[in-house]
Amino acid sequence: MKIGVIGGGQLGRMLSLAGTPLGMDFAFLDPAPDACAQALGEHIRADYSDQDHLRQLADEVDLVTFEFESVPAETVAFLSQFVPVYPSASALRIARDRWFEKSMFKELGIPTPAFADIQSQADLDAAAASIGLPAVLKTRTLGYDGKGQKVLRKAEDVAGAFAELGSVPCILEGFVPFTGEVSLVAVRARDGETRFYPLVHNTHENGILRLSVASSAHPLQALAEDYVGRVLDKLDYVGVLAFEFFEVDGGLKANEIAPRVHNSGHWTIEGSECSQFENHLRAVAGLPLGSTAKVGESAMLNFIGEVPPVDQVLAIADCHLHHYGKAFKAGRKVGHATLRSKDLATLKARIGEVEALIGKG
Ligand SMILES: Nc1ncnc2c1ncn2[C@@H]1O[C@H](COP(=O)(O)OP(=O)(O)OP(=O)(O)O)[C@@H](O)[C@H]1O
Ligand SMILES: [Mg+2]
C-alpha cells in the first residue's frame, strides 16, 4: 500500500518510520527542497496548489493524509475527487480555523475560554471590552508554535493589534489562568472505533512545546475522553487527532485540536504499545487499531534550534534520540528525545540529565 502525505517534515518522516514495517510506501508532497521526510520516501516537490503534481500524487497512492492542517481547502477538495483522503475535507476545514473549531466546541457543550470573531480593529475594541483583559488575539488560520498570536494585557496593547497580526481574520480569547496544560491524543478508525492515549502534561517555552510527560490514571482522563469523543464523532473523524486543554479549577477548558499526529504524542513511539504514527496509519488504511496503553513511565523533550551532542544524549539510560535531519535554526524543532523509566523519580532525573545538555550542541 502506498500512502501520500501532504507535507514532508518530521511528522511525515515519523509516519514513514512507523509504516514501513507494515509494508507501506510513502510519497510526500512538499515545496521545500530540503523537506526532511524525503530520506524516507518519494518527494514530490511542488506547491500545495499545483494541480498537476497533486494529480500525480493521487494517481500514485492508495490514499492521502496530512502532516499539517494549514493545507488550502481547495487542495483537499481537488485530491478528494481522485483518491480517499483522511481525515476528511470537512474535518480539516473546521480544525484549521480557530473560529470554526471553538464554535464547534461550544455547540458540543465543551467548555472554552470566552471568544469572539474579529474582522476589524472595531470588532477587536468591542470584544476586548466585553471579554475583558488580559486576552489573547490569534489569527484564525496558519498559527503554530505560538506564532500569529499576541497577549493583550492593557488598553494600549489593544490599539493597533489587529494590524499587527496582519489585518487578517482573528479570534480574541479570554486569557485562561491555567494551572497546567494537557493534551489527549486519540485515534478513530473508519468503523468508528476510538482509542485514547493517556493524558499528557505539556510545558511550553516561548510559545513552543518543550516537555511532554505522559500521565498515569490522571483524574481528568475520563472527562477529556468524553470531550474528545464528542468531537471525533461529530467530525466522523478517521485517523489521529490531538486535543489541547487548559487545566483550570479542577476541570478542562478546550484550547485547540490538531487533525494529525502531534508533538505531544511523540513519546508513544517508545512509551506505548502502538505509537500514534502507527495507529494513524492503521486507522486511515482501514486496519485494526493497536493498543494505546503506556509501557512504564515516559516523557518527551524537544530539541529546539539544535540537537545536543549525540554521544552524550545516548549515554543517558533508556533515552531514545530522534534527529530529524533538519538544518539547525533558532526556534525550529530539530529533534526530540524520549525518556523512559519504571518510576517517576527516575524519569525526572533522566529529564534533568537531557536538559543539562541543551545549549551544548
Ligand atoms: N487563551 C489563552 N489563555 C492562556 N494562555 C494561552 C491562551 N491561548 C494560548 N495560550 C498559551 O499559548 C500557547 C500556544 O497557543 P495555541 O495552542 O493556541 O497556539 P499554537 O501556535 O497553535 O501552538 P502549538 O503549535 O504549540 O500547538 C498555549 O499552549 C498556551 O500556553
Ligand atoms: Mg497549541
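The values are calculated or read from the model by the stated rules, or taken from the named source; none is laboratory data. This is a predicted model, so every value here is computed, not measured. Don't worry about glycine lacking a Cβ; one is built from the backbone with ideal geometry, like all the others, and counts go over all protein chains shown.
Brief remarks on what is shown
- Residues being within 16 Å of ligand 2 (Cβ to nearest atom), at pLDDT 95 or above, among the aliphatic types (A, V, I, L, M) and closer than 29 Å to GLY359 by Cβ are represented in segment 191-207 by at least one member.
For every residue, the table says whether it meets (1) of a type in the set (S, T, N, Q); (2) in contact with a strand residue (DSSP E or B) (Cβ under 6 Å, 6 or more places away or on another chain); (3) buried (at least 16 other Cβ atoms within 10 Å of the Cβ).
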{"residue": "ASP47", "(1), (2), (3)": "no, no, no"}
{"residue": "LEU63", "(1), (2), (3)": "no, no, yes"}
{"residue": "VAL83", "(1), (2), (3)": "no, yes, yes"}
{"residue": "ARG93", "(1), (2), (3)": "no, no, yes"}
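- For the residues ALA186, ALA116, ALA128, the requirement of being assigned to a helix (DSSP H, G or I) and either outside the structural domain of SER275 (by TED's automatic domain parsing) or in contact (Cβ under 8 Å) with a residue 12 or more places away in the chain (or both) singles out ALA128.
- Here VAL136 meets the list (1) within 16 Å of ligand 2 (Cβ to nearest atom); (2) of a type in the set (A, V, I, L, M, F, W, C); (3) in the same structural domain as THR338 (by TED's automatic domain parsing); (4) over 26 Å from LEU301 (Cα atoms) almost entirely, failing just condition (3).
- Within segment 243-264, residues that are among the β-branched types (Val, Ile, Thr) sit with their Cβ atoms under 6 Å from residues that are away from ligand 2 (no atom under 14 Å from the Cβ) and part of a strand (DSSP E or B), at 6+ positions apart or across chains, in these pairs: VAL261/VAL240.
- Verdict on PHE68 being within 12 Å of ligand 1 (Cβ to nearest atom) and either in a strand (DSSP E or B) or within 30 Å of MET24 (Cα to Cα) (or both): yes
- Flag if ALA18 is closer than 19 Å to ASN279 by Cβ and either assigned to a loop (DSSP other than H, G, I, E, B) or outside the structural domain of ASN279 (by TED's automatic domain parsing) (or both): yes
- The single condition among (1) touching a Gly at 6+ places or on another chain (Cβ under 6 Å); (2) assigned to a strand (DSSP E or B) that ALA37 does not satisfy is (2).
- Taken over segment 247-259, the criterion of being within 11 Å of ligand 1 (Cβ to nearest atom) and either within 12 Å of the chain's Cα centre (by Cα) or buried (at least 21 other Cβ atoms within 10 Å of the Cβ) (or both) is satisfied by ALA254, ASN255, GLU256, ILE257, ALA258.
- Residue in segment 103-115 that is touching a Phe, Trp or Tyr at 6+ places or on another chain (Cβ under 6 Å), under 23 Å from PHE178 (Cα atoms) and surrounded by 16 or more Cβ atoms within 10 Å (Cβ to Cβ) present: yes
- Residues within segment 202-230 that are more than 16 Å from ligand 1 (Cβ to nearest atom), more than 16 Å from PHE178 (Cβ to Cβ) and outside any loop (DSSP other than H, G, I, E, B), tallied: 7
- Residue in segment 266-275 that is buried (at least 22 other Cβ atoms within 10 Å of the Cβ), under 18 Å from MET14 (Cα atoms) and within 16 Å of ligand 2 (Cβ to nearest atom) present: yes
- Scope segment 203-246; condition buried (at least 20 other Cβ atoms within 10 Å of the Cβ) and polar (S, T, N, Q); matching residues: SER212
- Flag if SER49 is within 24 Å of LEU289 (Cβ to Cβ) and touching a helix residue (DSSP H, G or I) at 6+ places or on another chain (Cβ under 7 Å): no
- Restricting attention to segment 143-176, the residues being assigned to a loop (DSSP other than H, G, I, E, B), within 30 Å of LEU199 (Cα to Cα) and either touching a Pro at 6+ places or on another chain (Cβ under 8 Å) or not assigned by TED's automatic domain parsing to the domain that holds ASP125 (or both) number 2.
- Matching option when the condition is free of Cβ contacts under 8 Å to residues at least 60 places away in the same chain, more than 24 Å from the chain's Cα centre (by Cα), surrounded by 14 or more Cβ atoms within 10 Å (Cβ to Cβ) and within 15 Å of ligand 1 (Cβ to nearest atom), among LEU133, LEU137: LEU133
- Those residues of segment 231-269 which are out of contact with any helix residue (DSSP H, G or I) (no Cβ under 8 Å at 6 or more places or on another chain), closer than 12 Å to VAL200 by Cβ and in a loop (DSSP other than H, G, I, E, B), in sequence order: TRP267
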